[in-house]
Each structure stands twice: as C-alpha cells, then as structure tokens.
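Engineer: Below: one structure in structure tokens.
The values are calculated or read from the model by the stated rules, or taken from the named source; none is laboratory data. From a predicted model like this one, the values you see are computed outputs, not experimental measurements. Methodologically, a virtual Cβ is constructed for each residue, glycine included, from the backbone with ideal geometry; neighbour enumeration extends over all protein chains shown.
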Amino acid sequence: MDLLNTLVDKGLRRETPTREEALAVLATSDDDLLDVVAAAGKVRRHWFGRRVKLNYLVNLKSGLCPEDCSYCSQRLGSTAGILKYTWLKPDQASEAAAAGLAGGAKRVCLVASGRGPTDRDVDRVSDTIKAIKDRHEDVEVCACLGLLSDGQAERLRAAGADAYNHNLNTSEATYGDITTTHTYADRVDTVHKAHAAGLSACSGLIAGMGERDEDLVDVVFALRELDPDSVPVNFLIPFEGTPLAKEWNLTPQRCVRILAMVRFVCPDVEVRIAGGREVHLRSLQPLALHLANSIFLGDYLTSEGQAGKADLEMIADAGFEVEGADEVTLPEHRAAAGPGGCGSHAAAGGCGSEGEPAGGGVCGTAEASAPASAEPRTDLVAVRRRGAGTDLAPNA
C-alpha cells in the first residue's frame, strides 16, 4: 500500500504524518492488518530494536477520589468493588516495588488517586522514592499523583523522581463529556509543569470510550505537540459501577490499528501498552509488541493483569527481549545525559517532529467507534484482590 510505504519513510525520518494519513490507518480493513503491523513494526524496530521495557505499578492510595472521570473505578460515586485504602507507608511501597523489579521491571510507577497532591502528600511520595532508590539505585521512578501545583514537580525531581505521568486521555473536544471536575487545560498544564521541572513527561490516552477516529487522532496529535517521552495507550476496562460500564467498542484488530497509528505519529517515543491489554487485545497481544516497545508487568491499579511470568514468556516467544536496567530506552537524539534512560524533550519538537519544541493518574470519550464483531469478554475484567493494600502476594 502506498500509504504504508509513505508512513514508514516518514517514521524513519521522524517526520509527522498528516491527519489524513493517521485517519487512514484507523480505517484500514482487517484484511490489511498484517500489512499495517509489518509497516509500523519497521518503524518500531528502527528506533527501539527488539527491546521491551517493563513497567510496574504500585498503587499508593486506592479509591475515594473526588473527581468524576467516567472511565475510572475510583471516581466519585463509583460502586465498583475495588480496594480502598489510604497511603501506603514508604517501606510497604518499597516492598511492593521490589516484587516488580524482581520480575524484570525497569520502571516503577507510583500512583495515587485524587485530584492532586497536597504538599504533605509530596513529602510522603518523596520519602517513598527515597526508600525505593535506597534499595534499588538504578530503578526509574515515575510519579502519577494528579494535577500538580506550582513547585511540586520540582520537589519530586529533587526527591529523585525521574518522570511524571499525567494522561490527556481523550480529545479536547470530547473531554467535557467524560470529566466535569477538571478541564483538559488543567491536564495540559500539569504536563508542562513536569517538563519545566526537568522530569521526563509521560502522557497518553484511553481508547474505547465511544470516541470517533477523529478524536483519537486529535489526542495523539496533541500529545505529539506536548512531546512526552512515553505515551501509554490504555484500552477502556468497562468496570461495573461506572458510567462507561457498557462501552464495549473495541476489537483486538482495532486495538492493533490504534497502536500502529500512535507509532506512526510518535515514531521515536516509548509507546506503552497499558490498561486493558489483556481484556481487548487478548490473543493478539504478541502481535502488538511489534508496535509498542513497553508494557506493564502484572497487575494494574484496580484490575488484575495476566501473570507476570506469562508476560515474560509472551515477550520471549514473540522473539523480543526484556530491556535491561543498563540500556537507555530512548534513541540517542532524545536520551538524557543522565542515568536511567529517561528522555529529553529539548531535542525534538513533539514526539516524532523535527521542529522547535512546544513551549493523575494512569487511571485507565462521542459517536460510537466500530462495533465489536464478537460478544464482549466481560469475564476478563477482574478486580484486583492482591498485591499492595492486600494480604496476598503481588502478581509479578
């Protein structure tokens, strides 16, 4: 296909595709799926080889969030039967992180529910970062605490945080349909604060909330302008007890096309398959590794993932290798001078662009997307009952 050849050429040159080209990727047929994967896979391998970066979530504070994000099981008014607990102590969080690191994780993502941290919360998280890095000096630590106030990003950076996650989730045009307690601009502001503090910015999206193809392209192009070093792609987990519980809009093939589109728009950025991987990609998970170079190991915030051992076997069986702690994740032109493999947003304008740089949570908007061709697999939505905040061993 001429389209795919063009996108490969642009991806290898870090040239941004047009909106029409990005939309065309989402509109390709299932018959062309393997051609799409092969093309996007060339771009992925050019910048990241066959390495897969492993990330591990530690949920520092679960549930009871005052925000009304429709997709989130921790939202205001949610009746989902999830774990609810207040802040883990630093030693508890460090123990939880150790399980993921033992499984091969390179980055620990410290997540807390809520609108944003108080200054006392930043102190708590700073103590937790120190506890983790005292035991694991080379680990990358990403904080995900919601909307940041002035000076908080700098304090997290001084405490040893390497990165900060705050997702845009959906397009600006549809954001108000999903959340009313804060704005799209609030989220953009927090990503800017992370950048300004010298943190590696991590910001992504949630697919499957009933959005149009145009909305998906809008949010990915907005992310390109924000220039994060990593872009997590979440697929909506329709938790019972949330407003989007009946939104089963994804097929495995559509998920693959979404990942391919993100890779073409952000060719040299860490693309991470995040929440909903097991629920929606299902048996196509190994195929998706040809597009994304990063995944979460084991469980998510409030839902169970597949066993960490199964993740490692999947990576090996698909012909990929786990990225080592001593390897730099990002390509040389994006990589920071310091240790840890976090990237620099100063080298390129937008993820995949060669122009000048553009000036909470991982919780994983409004015409319906393509309907699923099979019955939704509700049996795959499992509420997390193990790991941090429980008496059961973590799944790592």
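Engineer: Looking at (1) of a type outside the set (Phe, Trp, Tyr); (2) outside any loop (DSSP other than H, G, I, E, B); (3) within 19 Å of the chain's Cα centre (by Cα), which is the only condition Asp35 fails?
Structural biologist: (3)
Every residue, every condition in (1) over 30 Å from Leu287 (Cβ atoms); (2) touching a Phe, Trp or Tyr at 6+ places or on another chain (Cβ under 7 Å), yes or no:
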| position | (1), (2) |
| --- | --- |
| Leu54 | no, no |
| Leu60 | yes, yes |
| Ser70 | no, no |
| Gln74 | yes, no |
| Tyr85 | yes, no |
| Leu88 | yes, no |
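Engineer: OK, next. Any residue at all in region 105-125 that's of a type in the set (Val, Ile, Thr), part of a helix (DSSP H, G or I) and crowded, with 24+ Cβ neighbours inside 10 Å?
Structural biologist: Taking region 105-125 as the starting set, the residues that turn out to be of a type in the set (Val, Ile, Thr) are 108, 111, 118, 122, 125.
From what's left, part of a helix (DSSP H, G or I): 122, 125.
Okay, now just the ones that are also crowded, with 24+ Cβ neighbours inside 10 Å, so 125.
Yes; the residues of region 105-125 include at least one that is of a type in the set (Val, Ile, Thr), part of a helix (DSSP H, G or I) and crowded, with 24+ Cβ neighbours inside 10 Å.
Engineer: Let me ask something else. Conditions: (1) part of a loop (DSSP other than H, G, I, E, B); (2) within 22 Å of the chain's Cα centre (by Cα). Glu15 meets all but one. Number of the miss?
Structural biologist: If we test Glu15 against (1) part of a loop (DSSP other than H, G, I, E, B); (2) within 22 Å of the chain's Cα centre (by Cα), just (2) comes out false.
Engineer: Specify the residue that is nearest to Tyr300 (Cα to Cα); the eligible residues are those in region 51-74 that are out of contact with any strand residue (DSSP E or B) (no Cβ under 7 Å at 6 or more places or on another chain) and polar (S, T, N, Q).
Structural biologist: Checked region 51-74; the qualifying residue nearest to Tyr300 (Cα to Cα) is Ser73.
Engineer: Determine whether region 187-206 contains at least one residue that is in a helix (DSSP H, G or I) and closer than 17 Å to Ser70 by Cβ. Steps first, answer last, please.
Structural biologist: Of the residues in region 187-206, the ones in a helix (DSSP H, G or I) are 187-196.
In the following step, the residues that additionally are closer than 17 Å to Ser70 by Cβ were identified as 187.
Within region 187-206 (the criterion being in a helix (DSSP H, G or I) and closer than 17 Å to Ser70 by Cβ), the answer is yes, since at least one residue qualifies.
Engineer: What are the residue pairs meeting all of these: first residue in region 116-142, first residue farther than 19 Å from Asn55 by Cα and at pLDDT 95 or above, second residue of a type in the set (Lys, Arg) and not in a strand (DSSP E or B), Cβ atoms under 7 Å, and 6 or more apart or on different chains?
Structural biologist: Between residues of region 116-142 that are farther than 19 Å from Asn55 by Cα and at pLDDT 95 or above and residues that are of a type in the set (Lys, Arg) and not in a strand (DSSP E or B), the close pairs are Val122/Arg155; Ser126/Arg155.
Engineer: Go through region 71-103 and count every residue that is within 11 Å of Thr128 (Cα to Cα) and either over 21 Å from the mean Cα position of the chain (by Cα) or of a type in the set (Val, Ile, Thr) (or both).
Structural biologist: The qualifying residues number 8.
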